[in-house]
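A short write-up of the structure that comes next.
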Amino acid sequence: MVNKISAEEFYDNLAAKYDDVLKDPKCNAQHVHEAAKIFHKYNYHQGSVLDIGCGTGFLSELLQGNFEYTGIDISSKMLAYATKRGYKTIHKSIEIALPEIDTQSYDFVFCLGSLLFVEDPQIAIDHVYRIARQAILISIDEATEEYIKNFAVPVDDYSKITIKNAIEDYWITGWTSPTTGIPIQTRMIYIEQNN
């Protein structure tokens, strides 16, 4: 059993190397590229983006167009990098930040790989539906028993959660954990809002 640390401490420690990890072929971070591919398929080129669990703001490197980014993250060191990429930032946990965001206040909401860390993913997803005006992209990692046991941060497996009104909902090999070496299956979900 691994000694667990907080998500904030883990990602603060990883912040300086995070982009390199995402670009490392051993990590094979397909989930982020897959999200960008889905987004481009639906021809979005401008608008406001809420990036939940934004890390360093790497998503902005992948989306082509004129977007205004706001990122939520628990790690102030990750957010420092996101700020350099032009992000407005919210330094709070997902559970605290989402209820404070106005209804239909962002065109697009991305939540890539962040639901592992929340206590109640259904509440987070309900807020995502409330906040998004046009479209939602969610990736949910399957946290196997081995991964839950060996990852440095406490996480849960919510990969089987029911998502309503998804236009796309399929599995890919999302990435390989750089700290445990475990390949992670990721569920990719795309939803359009009919407001």
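Structure data summary
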item: Tabulated pairs, the stretch 5-18, first within 14 Å of I94 (Cβ to Cβ), second not in a helix (DSSP H, G or I) and not acidic (D, E), C-beta under 6 angstrom, 6+ apart or interchain; result: A7/I74; A7/V153; E8/I74; E8/S75; Y11/S75
item: Residue match in the stretch 146-155 (condition: polar (S, T, N, Q) and at pLDDT 95 or above); result: no
item: Enumeration of residues in the stretch 46-77 that are at positive phi and buried (at least 16 other Cβ atoms within 10 Å of the Cβ); result: G53, G55, G57
item: Output for the stretch 106-128, where each listed residue is surrounded by 15 or more Cβ atoms within 10 Å (Cβ to Cβ) and either among the hydroxyl-bearing types (S, T, Y) or farther than 18 Å from F39 by Cα (or both); result: Y106, S114, L115, L116, F117, V118, P121, A124, I125, H127
item: Residue in the stretch 92-102 that is surrounded by the most Cβ atoms within 10 Å (Cβ to Cβ), counting only those that are outside any helix (DSSP H, G or I) and more than 15 Å from the chain's Cα centre (by Cα); result: I101
item: Residue in the stretch 78-88 that is surrounded by fewer than 24 Cβ atoms within 10 Å (Cβ to Cβ), of a type in the set (S, T, Y) and more than 21 Å from K23 (Cα to Cα) present; result: no
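The values are calculated or read from the model by the stated rules, or taken from the named source; none is laboratory data. Predicted model, so just to flag it, every value in this text is computed and none were measured. Counting neighbours? That spans all protein chains shown, and the Cβs are built from the backbone with ideal geometry, glycine included.
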